[in-house]
1. Which is under 21 Å from residue 57 (Cβ atoms), surrounded by 16 or more Cβ atoms within 10 Å (Cβ to Cβ), among the hydrophobic types (A, V, I, L, M, F, W, C) and in contact with a Lys or Arg (Cβ under 7 Å, 6 or more places away or on another chain), of 112, 135?
2. Restrict the check to segment 106-113 and report whether at least one residue is hydroxyl-bearing (Ser, Thr, Tyr) and over 19 Å from residue 31 (Cβ atoms).
3. Can you tell me which of 107, 97 is more than 19 Å from residue 140 (Cα to Cα) and either aromatic (Phe, Trp, Tyr) or open to solvent by less than 20 Å² (accessible area, probe 1.4 Å) (or both)?
4. With respect to residue 118, determine if the residue is touching a residue at least 40 places away in the same chain (Cβ under 8 Å) and in a strand (DSSP E or B).
5. Given the residues 149, 115, which is the only one that is of a type outside the set (A, V, I, L, M, F, W, C) and under 10 Å from the mean Cα position of the chain (by Cα)?
6. If you check 108, 136, 100, which single one turns out to be in contact with a His (Cβ under 7 Å, 6 or more places away or on another chain), of a type in the set (Gly, Ala, Ser) and not in a loop (DSSP other than H, G, I, E, B)?
7. When segment 139-168 is examined, which residues are found to be part of a loop (DSSP other than H, G, I, E, B), under 21 Å from residue 30 (Cα atoms), modelled with pLDDT of 60 or more and open to solvent by 40 Å² or more (accessible area, probe 1.4 Å)?
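The values are calculated or read from the model by the stated rules, or taken from the named source; none is laboratory data. From a predicted model like this one, the values you see are computed outputs, not experimental measurements. Cβ coordinates were reconstructed from backbone atoms using ideal geometry, including for glycine residues, and neighbour counts include every protein chain displayed. We work out accessible area using only protein heavy atoms, side chains counted, and drop any ligands, DNA or RNA first. Shrake-Rupley method; radii C 1.70, N 1.55, O 1.52, S 1.80 Å.
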Amino acid sequence: MIEILAGKHKSGRTTGIVSFPSIEGGSHAPRIGFVPQQDILPPMLTVHEALLFAARLRLPESVPDTEKRVRVDALITQLGLAHIRDTRIGDGERRGISGGEMRRVSIGLELVARPDVLILDEPTSGLDSVSAKKVGEVLRALAHDKENPTAVIASIHQPRYVSHIAVKAR
């Protein structure tokens, strides 16, 4: 279901329409960000480098690089990753950041483009309880941001944390 909402048809045939309420003014379809269950991150880059690379790829060339850097720095703070900003992501062969931190970087890769709707496939899967709670707190903060709230849709198989992620409509 999550893949269908995000427009990621994996296999089979889907019928019907997925629609979202109008986004301020209703003149455009909502920008949708999708975070898959598995983190796919470049292990040789630092957290800052990975997010800046995503900003440079996903934002229009008309956005100055200085603005992209400011956006990435704000996002790093928002995601609670400032303490590992310059740490390499790492992988199974090279030690790097933790699983919960990787998940928050994956979320950041989508947030850098400022989606109207963020869809996540099991964002707490495979995480210990502390990391899952931190991810839940980040998602809740995104949904409840007073200046720029993001609609959050997530499939979660750890019901204990659903109350921490409760979202509100714009």
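1. Checking each option against the conditions leaves just 112.
2. no
3. 97
4. yes
5. Within the list 149, 115, the selection yields 115.
6. Sole residue among the options that is in contact with a His (Cβ under 7 Å, 6 or more places away or on another chain), of a type in the set (Gly, Ala, Ser) and not in a loop (DSSP other than H, G, I, E, B): 136.
7. 144, 145, 146, 147, 148
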